[in-house]
Structures are given as structure tokens and as C-alpha cells.
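Peer 1: Shown below is the structure under consideration.
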Amino acid sequence: MTGNSVGPQGGGGGANLVRHPAAIARLVADKGPMASVLLDHAARILWSNERFQRLAEASADDLRGQRLADLLQLLPGMPDESRAQEGDWQCVWLTPGGAKAPRLVLMSETRPASTEEEDVRLLTFIDAPAGSGRSAAGPALADPQTGLTSRWVFEDRVGHALERADRSGQKVAVLLMRLGHADRLQGRGEAAVQLLLQQISRRLSGTLRAEDSVAYLGNYRWGAMLEHPVSPDRLQMAALRCLEAMEAPLASGTPPLLMTLSIGIAIYPTDGEAPAELLDAAEQALGHAEPGRWAFLDRRLRRQLDRRLALRASLQEALLAPERHLEVVYRPQRQTKAWRCLGVEGLVRWQRPPRGGQDLAGLLAQMAEPEEGVRLGRWAIEQAAWQHQQWRAQRSLLAELDITLAIDARLLTQTAFGGRTLDRFLAELQMPLDWLTLQVDSQSLEALSSEHSLLLRRIARLGVRLSVGNLGGSAVSLQHLARLPITAVTLSRQLVERSRGRGQVEPSDYRMLDALAASLQRLGLAMTADGVDMPKQLEAACLAGVERVQGRLVGSAMSAEALQRWLSGRGVEAP
């Protein structure tokens, strides 16, 4: 500050102007030892001093209008170690762009009282004094006791996951796990406790998916974050797997220990809209969980899932002894023109009192493990083959009907039958198979690879016809359909239901049905319409050129004995 700064009138007025309090304050702000930045309500930079510009390696013009989060990542320290104990200063990690490591600083946030704009904030940064509780090398990326992700990385990942969930409309879940009966560790020594924490951490990280973030949060607690897909069923299974991972004894001195976990589960955005809120919600849920148990913050979810768990146990019992709990029933299929019964669809019915018979396809899709679907498909094929042999031995008219069985696409894997492929399993039935049609759901069609195509061709050479079910319920590639050895399709109930109309059937009532049927006819595929419950739907199917129909208008599913009586009374020819 020299006499070169002279005012318009000359003399000493210039020096007085330079020493004006406002000018001095501006000079201190620009040249001072503190990095300062002024932010608007959206955290965009309105002004920055020279020290902040050097920190960000950018000019004032380049910084103006930029979001602070795009330039400097503020990484909060551990709440119990990094919070300043006096004043408004907070200990944070500041990560400038291009820096090799975060820098420990004190940050102060001020909201000026006299500004024209609302929600303006002034952030000021100074180097943290010695003894702030952290190394200048930056926050640890891994927990030193367990080697898992550190707490601040875990919280940062949760924050980013919530942002992704907002953009995609998905959910995020946090599992908070606490070691039960930690008092048993007293007297075992620090080394034994450390070994135990490492063992539990390895079990949890090995149990959950690689993309699920697992962290040790201290005080015998672990956190896990699960992203898409997030559903109560999946979270229940994840919690159960974590509990099962603790069933083996833990080697922590002599004798080995049997320990268990309690698990609290919170779901974004229902239970919290920020990482801290979500962890607090998981903490509340953990308070409801007994040792060896898990709990949602919303207790209604737990009750619903308990009922589903009981249903799953009953289903597994039925699949282990199908001859006692299951039966195959048959739903007739009629020809649209001559009204002859040409075939039947075989359905597996679960006789489960007090609810009575229940179809298993939906239940297996929702809750069964892959091997359960394979076991059911194998049993259904064997039952249908036995029944067809009985009809042939009795010289029954039913032996002339073909049987369509819906199978799980996982039956087409190489190891579905104890190492045998499906074609080998069918060949070992040692009987003609020209009466059998195996049907795969259209939703599984796109997943069938060239390997599956070769297997399907081997199955077709055995005389088995191959069909695609539920066509029209979801998008399907006709080009992919044409490349597979498929000979027939079943049109979905949803597609047929659109053909109900009012009064006379108009073209608009069956437009989609007619368009799809025309394409399938060009491919030479035989068609069956499912869900034909009313005469108008039958008329629409006939106009579209569908060869067969099934539904309440044709006949409901019935046992083999009832089907024999039905066929004798009304079945082969039109009534």
C-alpha cells in the first residue's frame, strides 16, 4: 500500500481511501491465510479468495458458478473423533482435485446476516492444529482391526447409493449387525478378540454379494449396504445367510466360541432419506431384534415374511415327498372349429389343507430355490409318463391326447438331472414320446443360448414337441423364436382377455391377438389361446386363426379319473 494509489483529487486522499476499513477487510479476505469461499443456496461459488483459488488450482472466473462438490470433496471425520469441541469449527478432510491424499483442515460455516441473497454461506478453511486425532496422510480406507471398509468410506458409499437410487427409482437397504453376548470375550485378551473380529468379518463379506458393501463400525457392530434388487424377501434371505454364517464355532482361544448376531434392517426411502437417517433407522430396528434374529423397522414386514417363511417350509416338505402332497391334474384343450378335445395341459396341484389345491408355478417363481423347480419338473414328467402308460394299457381314449407340461427353463441346464441332460433323462423313460409337449415361459426365451438350442434339437429328435407359453404377456423377439426348434405357442391369458369386447366382436377387440396370430402363422407355429372364458373370446380366437383354446369355457383342471368321465360324457366331439 503506497502513495501510488491516489484519488481523483490527488493529495493524501488516496492513502486514506486505501486505509478505509472496507478496503482493508476486502484485502484481508483476498490475501489472508485462510481459504474462503462464498456459496449460494445451491452450493455454487459466488466468490473465492486467492488462497482458495490456489487450493482449487483455478482462477476466480473459472470458479464462479461452479458447484463446490465438483471441485473439493469434503469427507467428514468420525463423529466421536473429528468433531471440534468448541466454537463453530469442524474437523474435516478436504480433497482438492488432483491431490494425492485428503488434507485435514478445520472448517467454519457462516451465514452473513446482511446479504441480498437468501441462503448464502461463507466457508472458511484453515490447517488443523497438531494433535487433531488423525494422521496427515488422510482418513483410513480400511478398518485396521478387520481389513473391511472403514466407516467413513461406508457412509460415503451409502450416500452415493442413495443418489443412484433417486435417479433410477430403486431402493437401498442398510443392515446393522451386532454381535450378541460380547461379554463372553472378557478375559480372552486383545489378540483373541482381534482374531474373532477378523473371522466374523471374513464370514460376512464372503456371505454377501461382492457388490454389497460391508464395513466394521466398531463396538462389535458391522454394517452392510445392499442395492438393487431390494425387496423384503431378498433382505430376509440376506439376513438369514448372515445368521447361518455364524453357526460354525469361532476359533478365538480355547474353547472355541459359538456366537450369534442380531440384525436391524432399514430401507431407503421409506425409513430414511439420508445416510445418517438410514443408519439411525437400522439402529432402531436392531433394538427389536433378539439374538440370532433380524427385524425391520416396519414390523409389519417381519410378520408378512414370517408367514412366507412358513409357506416356504411347507412347500419344501411337499417337494421332498411329492407323492403325498402333490398331484398332476389335467385341463382340456379343444379344437376351435370341430370342438374336439385334442389334448390336455398338465398342471401340478398342491393339496395343502386348509387352503385346498393350489398351483405351484407362481409360488416356485417367487420363493423356491433353483433345485426345487428342477425337482418338481422331473417329478411332473415322470408322473405324466406313468399316466400316459396307464391310459395306453387301458386302451382309453385319453391315450390319444397329447399332454403339455410347463417346465422351468433351468431344466435345460447341463446338470439339472444329477449330471444328466434333459434329453438323456427323457430317453431313459424308454417309451415313445410323441404325446409329450414341453413348454418354456416366454420370459425365459431370450435367455436361451446356442447351447440350449442344440439341447432342444436333441429333445425334438426324441419326438417331443417344444412350445413357448404366455406369449403376448411380455415382449418377445420373433426372430429369436424362429431360430429355435419350437413348433407351438400358447397365447397369454392377458392377451386373450383384451378380446372380450361388448356386443358383437369388432376388429379392435382382437387387433393385437390377430396381429400376433398372423405373424405366428407365417412362422408355421400351432397356437393355443389360454383364458378363453367367454363365447366372445372364443369368437375372437376363431377369427384370428387360433387352432386350440383352453379356459373355463372349455373345461377346468381335473384329476385323471374325472377327465375320463368328462371325455366319455362330452369330450371328443362337439356337444
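The values are calculated or read from the model by the stated rules, or taken from the named source; none is laboratory data. Note that this is a predicted model, so its numbers are computed, not measured. We place every Cβ from the backbone using ideal geometry, glycine too, and count neighbours over all the protein chains shown. All accessible areas refer to the heavy atoms of the entire protein, side chains included, with ligands and DNA or RNA removed. Shrake-Rupley method; radii C 1.70, N 1.55, O 1.52, S 1.80 Å.
Peer 1: For the stretch 384-457, compute Rh as the Kirkwood radius over C-alpha pairs and then the Stokes-Einstein diffusion coefficient at 37 °C and 0.692 mPa s; write the answer in µm²/s, rounded to an integer.
Peer 2: It diffuses with D of about 239 µm²/s by this estimate.
Peer 1: Using protein chains only and a probe of 1.4 angstrom, how many square angstrom of residue 542 are accessible, to the nearest 10?
Peer 2: Roll a 1.4 Å probe over it and residue 542 shows about 60 Å².
Peer 1: When ranked by the protection proxy of mean other Cβ atoms within 10 Å per residue, highest first, what sequence do the peptides 375-386, 319-330, 423-434 form?
Peer 2: 375-386, 319-330, 423-434
Peer 1: Also: Leaving ligands, DNA and RNA out of it, rank 41, 181 by accessible area with a 1.4 Å probe, largest first.
Peer 2: Accessible-area ranking of 41, 181, largest first: 41, 181.
Peer 1: Can you tell me the FRET efficiency between residue 231 and residue 494 if r is taken as the Cβ-Cβ distance and R0 is 25 Å, rounded to the nearest 0.05?
Peer 2: 0.60
Peer 1: Still on this structure: If you stretched the chain out fully between residue 293 and residue 41, how much longer would it get, using 0.36 nm times the residue separation minus the C-alpha to C-alpha distance?
Peer 2: In short, 86.3 nm is gained.
Peer 1: Please report the accessible area of residue 536 (heavy atoms, 1.4 Å probe, ligands and nucleic acids excluded) in Å², nearest 10.
Peer 2: Only protein atoms counted, so the area is about 70 Å².
Peer 1: With a 1.4 Å probe and all protein chains kept in place, how do 260, 528, 487, 270 rank by accessible area, largest first?
Peer 2: Most to least solvent-accessible, the answer reads 270, 487, 260, 528.
Peer 1: Going by a ≥ b ≥ c, the root eigenvalues of the Cα gyration tensor, does the stretch 154-312 fall in the rounded group (a/c under 1.5), the prolate group (a/b larger than b/c) or the oblate group?
Peer 2: Because a/c hits 1.5 or more and a/b exceeds b/c, the stretch 154-312 counts as prolate.
Peer 1: Using a simple spin-label model with points 7 Å from Cα along the Cα→Cβ vector, what separation in nm is obtained for residue 273 and residue 462?
Peer 2: 5.8
Peer 1: Also, I was wondering about something else. At R0 = 56 Å, how high is the FRET efficiency between residue 399 and residue 244 if r is their beta carbon distance? Nearest 0.05 is fine.
Peer 2: Efficiency computed from Cβ-Cβ geometry: 0.70.
Peer 1: Just check the stretch 141-225 against the gyration tensor rule for me: Cα atoms, a ≥ b ≥ c as the square roots of the eigenvalues, rounded for a/c under 1.5, and otherwise prolate or oblate depending on whether a/b exceeds b/c.
Peer 2: Prolate.
Peer 1: Could you put 534, 237 in order of accessible surface area, largest first, with the 1.4 Å probe and the full protein assembly present?
Peer 2: Result of the area sort, largest leading: 534, 237.
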